[in-house]
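In what follows, a single structure is set out as structure tokens and then discussed.
The values are calculated or read from the model by the stated rules, or taken from the named source; none is laboratory data. What you see is a predicted model; the values in this text were computed from it and never measured. Every residue, glycine among them, receives a Cβ derived from its backbone with ideal geometry; neighbour counts consider all protein chains shown. Heads up: the accessible areas ignore ligands, DNA and RNA and are worked out on the full protein's heavy atoms, side chains in. Shrake-Rupley method; radii C 1.70, N 1.55, O 1.52, S 1.80 Å.
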Amino acid sequence: AQLNLGWAYSNGIGAPQDNDKAFYWYRKAAEQGHPTAQFDLGFCYVNGLGVEKDEHQAIGWYKKAAEQGHAVAQLNLGRIYANSPSRKNWEQAVYWYKQAAEQGDPRAQYNLAWCYGNGSGTPKNPRKAAYWYEEAAMQNHATAQYNLGWCYEKGKGVEKDPEAAVSWYRQGAERGSVRSMYELGRCCQGGIGVAEDLKQALIWFHKSAEVGDADSLGLLGWSYEYGIGTEQDY
């Protein structure tokens, strides 16, 4: 009841929105050991909702929730240790990302894959990177779909498979990944894992160029200048 009352005040449901009251009730529930309230209290401290920002307090409450298996608290702890200038600790980030990833959180799976791919907080391991990218990609994480496509195209952690690369680029592109749009266009342009199709290539280059992708803008300019897949247009 304390948790739900905090949520009601936080979201203005059935009462005027009031961060101070939300914080009060979240704390009441958190102090009784409720993991979701502990997470919410940590979130309040991170964002200064109903209380002064306090990263130390946020970590303390996130840990209480994380140790009870709260996956998003585990994810957020990983993010703090990965990104906070004063708390940066890649080993701790990997630890908490792994806890959340093993519970199926796609954001944690993606972040863990990135750590394995870049050797941040753990030795580089392309095979584990590809594994966790695939776990996230299968849950429709668009950036993981792009990265998994790249793994299959380059043979990083998996056998080279241009067709699989195109499939994952396409899934990422359809979910808004700008880099997937560009890579899918490049594959269509060069006949990589798919039949060469300059018109399809230009469609995907246009989509990514419209949101500012510099590589696509350059290729579109080149295509129009030389009439490749288009009418020549200076």
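Tell me, which residue of region 32-85 that is acidic (Asp, Glu) and out of contact with any Gly (no Cβ under 9 Å at 6 or more places or on another chain) is farthest from ASN11 (Cα to Cα)? Break it down into steps so the answer makes sense when it comes.
To start, the set of residues in region 32-85 that are acidic (Asp, Glu) comprises 40, 52, 54-55, 67.
Of the ones still in play, those that are also out of contact with any Gly (no Cβ under 9 Å at 6 or more places or on another chain) are 52, 55, 67.
Working: GLU52: 19, GLU55: 23, GLU67: 26 Å.
Among them, the one singled out is GLU67.
Are there any pairs with C-beta distances below 7 angstrom linking a residue in region 26-37 that is in contact (Cβ under 8 Å) with a residue 12 or more places away in the chain and within 18 Å of ASN76 (Cα to Cα) to a residue that is open to solvent by 80 Å² or more (accessible area, probe 1.4 Å) and assigned to a helix (DSSP H, G or I), with the two at least 6 apart or on different chains, and if so which?
none
Out of everything in region 157-196 that is of a type in the set (Asp, Glu) and part of a loop (DSSP other than H, G, I, E, B), what residue ends up being surrounded by the fewest Cβ atoms within 10 Å (Cβ to Cβ)?
Step one: of region 157-196, the residues of a type in the set (Asp, Glu) are 159, 161, 163, 174, 183, 196.
Then drop every residue that is not part of a loop (DSSP other than H, G, I, E, B), which leaves 159, 161, 196.
Working: GLU159: 7, ASP161: 16, GLU196: 12.
Per the criteria, the residue is GLU159.
Scan PRO162, PRO123 and give me the residue that is closer than 30 Å to GLY190 by Cβ and without any contact (Cβ under 8 Å) to a residue 60 or more places away in the chain. Write out each step before concluding.
On the way: PRO123 fails: closer than 30 Å to GLY190 by Cβ.
Sole residue among the options that is closer than 30 Å to GLY190 by Cβ and without any contact (Cβ under 8 Å) to a residue 60 or more places away in the chain: PRO162.
Just to be sure, is TRP96 part of a helix (DSSP H, G or I), under 29 Å from ASP54 (Cα atoms) and open to solvent by less than 30 Å² (accessible area, probe 1.4 Å)?
Details: part of a helix (DSSP H, G or I): yes; under 29 Å from ASP54 (Cα atoms): yes; open to solvent by less than 30 Å² (accessible area, probe 1.4 Å): yes.
Yes: the conditions hold for TRP96.
For (1) hydroxyl-bearing (Ser, Thr, Tyr); (2) under 13 Å from the mean Cα position of the chain (by Cα), each residue gets a yes or a no:
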| residue | (1), (2) |
| --- | --- |
| TYR95 | yes, no |
| ALA101 | no, yes |
| TRP132 | no, yes |
| ALA137 | no, yes |
| PRO162 | no, no |
| CYS187 | no, no |
| VAL194 | no, no |
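Just checking, how many residues over region 115-156 are in contact with a Phe, Trp or Tyr (Cβ under 6 Å, 6 or more places away or on another chain), outside any helix (DSSP H, G or I) and either among the small types (Gly, Ala, Ser) or surrounded by fewer than 17 Cβ atoms within 10 Å (Cβ to Cβ) (or both)?
3
Taking GLY69 as the residue in question, decide whether it is under 26 Å from GLN38 (Cβ atoms) and at pLDDT 95 or above.
Numbers: under 26 Å from GLN38 (Cβ atoms): yes; at pLDDT 95 or above: yes.
So GLY69 passes the test.
Please work out which residue is nearest to GLU134 (Cα to Cα), limiting yourself to region 157-181 and to residues that are hydroxyl-bearing (Ser, Thr, Tyr) and in contact with a Lys or Arg (Cβ under 9 Å, 6 or more places away or on another chain). Spell out how you get there, then give the answer.
Start the filter on region 157-181 by keeping residues that are hydroxyl-bearing (Ser, Thr, Tyr), which leaves 167, 169, 177, 180.
Now narrow it down to the ones that are in contact with a Lys or Arg (Cβ under 9 Å, 6 or more places away or on another chain): 169, 180.
Numbers: TYR169: 12, SER180: 15 Å.
So the residue we want is TYR169.
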